[in-house]
Amino acid sequence: MSQAFRRVFSGAPWEEQVGYCRAVRAGDQIYVTGTASVGADGGVHAPDDGYEQARRCFEIIAEALAPLGASMSDVVRTRMFVTDIDQWEAFGQAHAEVFDGHPPATTMVEVRRLIDPAMLIEIEADAVVSA
């Protein structure tokens, strides 16, 4: 029996170019792709502000989860890729606020750079919901 998948696309030009979607649901599991702080205009949201960039990433993740029947309270794991680990408190503050009362397992790792030099953070999320 084949697994039915449900996918959410953001409409970003990179999805078709690279061959990915914003999120995919397989049964009761949802995987949200690496999400950077992109504003409505397509530019980087809040350059040089780790807290605001992390908040924007979580907003985008929440928007991807909703059509798949999930919310941030269903997130069980996050992975934060950051270009400046010295801003860990700002990234962590945004994470703590979003997941207050339902903290997921998480990882924060410093990486050399992201696709745009103004991007300070990219976040992945995994969620589990009832099938």
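A compact table of results
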| item | result |
| --- | --- |
| Relative packing of peptides 97-108, 60-71, 17-28 - highest average C-beta neighbours within 10 Å first | 60-71, 17-28, 97-108 |
| Two-decimal log10 I(q)/I(0) for the chain, as the Debye equation yields it once each C-alpha is a single scatterer, q = 0.16 Å⁻¹ | -0.77 |
| Spin-label model distance (nm) - residue 118 vs residue 17, 7 Å beyond Cα toward Cβ | 1.6 nm |
| Stretchable slack from residue 77 to residue 49, in nm (0.36 nm times residue separation minus alpha-carbon distance) | 7.7 nm |
| Label-point gap, in nm, between residue 40 and residue 102 - each point 7 angstrom along Cα→Cβ | 2.6 nm |
| Estimated distance in nm for a label pair at residue 10 and residue 86, the labels positioned 7 Å out from Cα along Cα-to-Cβ | 2.7 nm |
| Neighbourhood charge, 12 Å Cβ-Cβ cut-off, centred on residue 46 and excluding it, Lys, Arg +1 and Asp, Glu -1 | -2 |
| Relative contact order for the stretch 14-125, counting Cα pairs under 8 Å that sit 6 or more residues apart, in percent | 35 percent |
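None of the figures in this text is laboratory data; all of them are computed from the coordinates on show. Computed from a prediction, not measured in an experiment: that's the story for all the values here. Note that we place each Cβ from the backbone using ideal geometry, even for glycine, and neighbour counts take in every protein chain shown.
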